[in-house]
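First up is the structure itself, then whatever we jot down about it.
Only the coordinates and a few stated rules stand behind these numbers; no lab work does. Computed from a predicted structure; not experimentally measured. Please note: Cβ atoms are built from the backbone with ideal geometry, for glycine as well, and neighbour counts cover all protein chains shown.
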Amino acid sequence: MKKSYFLTITLSLILNFSFAQITTTAMQFSGLDCNDNAIDLFADLDAGKAVILHFFMPNCSSCIPVAQKMQAMSQTINSSYPGMVKGYAFPFQNTTTCSYTSTWVSNNNLSTLYAPVDSGATQVAYYGGFGMPTVVVLGGTDHQVLFTTQNFVTSDTTTIKEAILNMFQNANGLNDINMVGDKFQLFPNPANEFLNIGTIEKGISSLHVDITDIAGKNVMSISNENFNSSSIDKLNTSQLNNGNYFVNINLNGQLYIRKLMVIH
């Protein structure tokens, strides 16, 4: 992998959804991708994200539609969980260059999900060998392999989607991520010039709020280290474009997500 270093490999037996019945935890990689962007697999997983690894062979015609299916599926999940599914495109051997991988991602319109990387041979061996294509899905703060297959079939898309959603809905700290609203007051919604945020939580709390657009891009943030049940924090939404957003509320380390509409 370009300018990156493979770290310690930890093995454990876990249940996964693989036809190949491989029982491993994830193999760490970090450094820079082929676009010189910083990457760190374990940091992504520790943040609660799902990560899709797509291993491909140059001139593999069957690798492209599978990658496109994974991208479409991920976009559907990211519409509800903004930015929570990421992907990396790995060539199956180390001789395929960054230039080739970047072109493969770009020419096949896969850049919405996949970051191009190189030198995939070690990863391929770790996850059990290569078939065209090999798809590995990772998730959880314990770095689980949620799914892996070397002979992808259409039904695998549904299996992968269900595995990712199940992880999100059951992960510690994300159990209330499904648009819960009973602990918070967000008004007015739709918002125009401003948005008020209040809570029924008792006692002093640490509050951090990120507002993201539907593509997962952060457009506004606030922090309040002394937020309590009598507090109301006001966000100026006058500079936001009309449309749909997600309000990501972190209260004492617990994450909640609410939908927000802005109409001027």
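Round to the nearest 0.05 the FRET efficiency obtained for residue 223 and residue 94 when R0 = 45 Å and r is the Cβ-Cβ distance. Once rounded, the FRET efficiency stands at 0.55. In terms of the mean number of neighbouring beta-carbon atoms within 10 Å, the peptides 154-161, 27-34 order highest first as 27-34, 154-161. Full extension of the segment from residue 166 to residue 112, taken as 0.36 nm per residue of separation minus the current Cα-Cα distance, would add 17.2 nm. Placing a pseudo-label 7 Å from each Cα along the Cα-to-Cβ vector at residue 68 and residue 158 gives an inter-label distance of 2.2 nm.
Just for the range 28-177, what percent of DSSP beta bridges are antiparallel, to the closest 5? Kindly include the intermediate steps, with their values, before the conclusion.
Numbers: 14 of 24 bridges.
Roughly 60 percent of the DSSP beta bridges within the range 28-177 come out antiparallel.
The string of couplings for the range 109-121 from the Karplus curve (6.51, -1.76, 1.60, θ = phi - 60°) is 6, 10, 6, 5, 10, 9, 8, x, 9, 10, 6, x, 4 Hz, one whole number per residue in order, with x for Gly and Pro. So between residue 47 and residue 142, what do we pick up on full extension, going 0.36 nm a residue minus the alpha carbon distance? Between residue 47 and residue 142, full extension yields 33.1 nm more. Pairs exceeding a 19 Å alpha-carbon distance, out of 86/217; 217/259; 69/217; 86/259; 49/161; 69/161: 69/217; 86/259.
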